[in-house]
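Asks: Can you keep this structure in mind? I'll have questions shortly.
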Amino acid sequence: MHIVILGAKGQLGSDLVAICKEKNIFFTPVTQSDFDATRDDLGNKILDKLTNVSHIINCIATTNVDGCESNPDLAFSINASFAYKLSRLCNEKNITLFHISTDYVFDGTKTDLYLETDIPSPQNIYGLSKYTGDMAVMQYAAKYFIFRVSSLFGRAGASGKGGNFITTMQRLGSERDTLSVIANQITSPTATLDVARALVHFITNQINDYGIYNCVSSNSCSWYEFAYAIFKLSGLDEAKLHKADFDSYNFIAKRPKYAVMSTAKISKYYQMPMWQDSLNEYFTKEQ
Ligand SMILES: NC(=O)c1ccc[n+]([C@@H]2O[C@H](COP(=O)([O-])OP(=O)(O)OC[C@H]3O[C@@H](n4cnc5c(N)ncnc54)[C@H](OP(=O)(O)O)[C@@H]3O)[C@@H](O)[C@H]2O)c1
């Protein structure tokens, strides 16, 4: 088994590197300085120099949701076109592809949990480019898993967003006297460590039930509730927090109001934890 981790310095990629090390798995980390997805050929530049690659985990993405609205070319180049090229390459070399997708492929109008079989209807360029990438993987890769994740938090912080929601809340919570956080937009905050563990579990257990899997915490909350828990664990004054309304918020890119995905399918193979447990682990684990 030889796993190639693309985007190895990103928020999810760096936790994947940590889990592979912990489990003594043979892997090759690939960062943007080794390979640029907008112009390099992954075959020539990376894969031809490696032997016996069995799996590729693609954590490369353009993740700045508002930024994608003003740079759709970059979003489609990385999130869609590269996913297509990668799928073809994996087929040529008989490699199993793990591709990472998002809850933002959905429009958020559903009132019940989103299932893997629900038809996406993205509301912004980021979601559209990611869904196009998903379709390319489904159409062109023979052995693939698409893991749909949401509201990630990990030690490295998303490179496209300059941190994660926890570090943002901690910074604003200590800088400001009051802070408004949306109380009626519902999500499943998910630790990158948990996604990394699930990915590695699928690989080491040689699961070959290919397809789409929602890989998110097993329960949900509003951003306000999540912020409240972060304030508590950080020793910040929760009285500073105020509830904001989703419908009166001025987003650059439209976002789904309700983006909770069912974990019933993945739980056949791997049980995702509740977000509160993952948040506690984030705060208690050594930095
Ligand atoms: N963050 C979230 O809340 C969230 C929510 C739903 C889904 N997702 C999905 O989860 C996956 C992982 O996200 P993340 O939070 O780990 O994001 P991230 O920290 O921004 O990681 C993205 C990675 O892509 C790399 N990258 C960007 N442009 C590249 C290029 N032109 N060539 C090569 N590498 C490039 C970045 O390299 P550098 O480190 O060098 O910039 C980084 O390692 C993505 O597929 C994302 O769409 C994320």
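The values are calculated or read from the model by the stated rules, or taken from the named source; none is laboratory data. All values reported here derive from a predicted model rather than from experimental measurement. So basically every Cβ, Gly included, is an ideal-geometry build from the backbone, and we count neighbours across all protein chains shown.
Asks: Any residue at all in segment 13-20 that's hydroxyl-bearing (S, T, Y), within 15 Å of the chain's Cα centre (by Cα), within 14 Å of the ligand (Cβ to nearest atom) and closer than 19 Å to V137 by Cβ?
Replies: No, segment 13-20 contains no residue that is hydroxyl-bearing (S, T, Y), within 15 Å of the chain's Cα centre (by Cα), within 14 Å of the ligand (Cβ to nearest atom) and closer than 19 Å to V137 by Cβ.
Asks: Now for a different question. Of all residues in segment 77-98, which are within 17 Å of the chain's Cα centre (by Cα), more than 10 Å from the ligand (Cβ to nearest atom) and either touching a residue at least 60 places away in the same chain (Cβ under 8 Å) or under 14 Å from A37 (Cα atoms) (or both)?
Replies: Our first condition is that a residue be within 17 Å of the chain's Cα centre (by Cα); within segment 77-98, this holds for 78-80, 82-83, 97-98.
Add one more test, that the residue is more than 10 Å from the ligand (Cβ to nearest atom), and what stays is 80, 97-98.
Selection gives A80, F98.
Asks: Considering only residues that are under 27 Å from I25 (Cβ atoms) and of a type in the set (G, A, S), look in segment 64-88 and name the one that is surrounded by the fewest Cβ atoms within 10 Å (Cβ to Cβ).
Replies: Filtering segment 64-88 for residues under 27 Å from I25 (Cβ atoms) gives 78-79, 82-83, 85-88.
Retained after the next criterion (residues that are of a type in the set (G, A, S)): 83, 87.
On the way: A83: 29, S87: 22.
The qualifying residue surrounded by the fewest Cβ atoms within 10 Å (Cβ to Cβ) is S87.
Asks: Residues of segment 18-35 being within 17 Å of I95 (Cα to Cα) and in a helix (DSSP H, G or I), which ones? Don't jump to the end; show me each part of the working.
Replies: Narrowing segment 18-35 to residues within 17 Å of I95 (Cα to Cα): 25-30.
Hits for segment 18-35: nothing passes.
Asks: I would also like to ask the following. Would you say D15 is under 30 Å from L128 (Cβ atoms), assigned to a loop (DSSP other than H, G, I, E, B) and not hydrophobic (A, V, I, L, M, F, W, C)?
Replies: no
Asks: What pairs can you find where one residue is in segment 26-48 and within 13 Å of L86 (Cα to Cα), the other is among the hydroxyl-bearing types (S, T, Y) and surrounded by fewer than 17 Cβ atoms within 10 Å (Cβ to Cβ), and their Cβ atoms are less than 7 Å apart, with a gap of 6+ or different chains?
Replies: So the pair list comes out as T38/S77.
Asks: Please name all residue pairs, on different chains or six or more residues apart, with Cβ atoms under 6 Å, provided the first residue is in segment 1-20 and is at negative phi and free of Cβ contacts under 8 Å to residues at least 60 places away in the same chain and the second residue is part of a helix (DSSP H, G or I) and within 11 Å of the ligand (Cβ to nearest atom).
Replies: Every condition considered, the pairs that remain are I5/G13; I5/L16; A8/V17.
Asks: Counting just the residues of segment 115-149 that are within 10 Å of the ligand (Cβ to nearest atom), assigned to a helix (DSSP H, G or I) and not small (G, A, S), which one comes out nearest to V17 (Cα to Cα)?
Replies: Among them, the one singled out is K130.
Asks: Strands (runs of 3 or more DSSP E) wholly in segment 150-255 with at least 2 residues that are within 14 Å of the ligand (Cβ to nearest atom) and in contact (Cβ under 8 Å) with a residue 40 or more places away in the chain - which ones? Walk me through it before giving the result.
Replies: Details: elements: 179-182, 211-214, 241-244.
Here the list reads 211-214.
Asks: Kindly establish whether A61 is surrounded by 19 or more Cβ atoms within 10 Å (Cβ to Cβ) and part of a loop (DSSP other than H, G, I, E, B).
Replies: Values: surrounded by 19 or more Cβ atoms within 10 Å (Cβ to Cβ): yes; part of a loop (DSSP other than H, G, I, E, B): yes.
Judged against the criteria, A61 is a match.
Asks: Any idea which residue in segment 41-97 is nearest to I252 (Cα to Cα), counting only those that are out of contact with any Ser or Thr (no Cβ under 6 Å at 6 or more places or on another chain) and aromatic (F, W, Y)?
Replies: F82
Asks: Return a yes/no flag: does segment 86-99 have any residue that is modelled with pLDDT under 95, under 21 Å from T263 (Cβ atoms) and not in a helix (DSSP H, G or I).
Replies: No, segment 86-99 contains no residue that is modelled with pLDDT under 95, under 21 Å from T263 (Cβ atoms) and not in a helix (DSSP H, G or I).
Asks: Please verify whether T38 is in a loop (DSSP other than H, G, I, E, B), in contact with a Ser or Thr (Cβ under 8 Å, 6 or more places away or on another chain) and not small (G, A, S), treating the condition exactly as stated.
Replies: Working: in a loop (DSSP other than H, G, I, E, B): yes; in contact with a Ser or Thr (Cβ under 8 Å, 6 or more places away or on another chain): yes; not small (G, A, S): yes.
Yes: the conditions hold for T38.
Asks: Which members of segment 1-12 meet the condition of being in a loop (DSSP other than H, G, I, E, B) and either in contact with a Cys (Cβ under 6 Å, 6 or more places away or on another chain) or near the ligand (Cβ under 8 Å from one of its atoms) (or both)? Walk me through how you get there before you give the answer.
Replies: Just the residues of segment 1-12 that are in a loop (DSSP other than H, G, I, E, B), to begin with: 1-2, 7-10.
Hits for segment 1-12 are G7, A8, K9, G10.
Asks: In segment 36-65, what count of residues is obtained for those that are closer than 21 Å to T192 by Cβ and within 15 Å of the ligand (Cβ to nearest atom)? Break it down into steps so the answer makes sense when it comes.
Replies: Within segment 36-65, the subset closer than 21 Å to T192 by Cβ is 37, 55-65.
Now narrow it down to the ones that are within 15 Å of the ligand (Cβ to nearest atom): 37, 56-65.
So the count comes out to 11.
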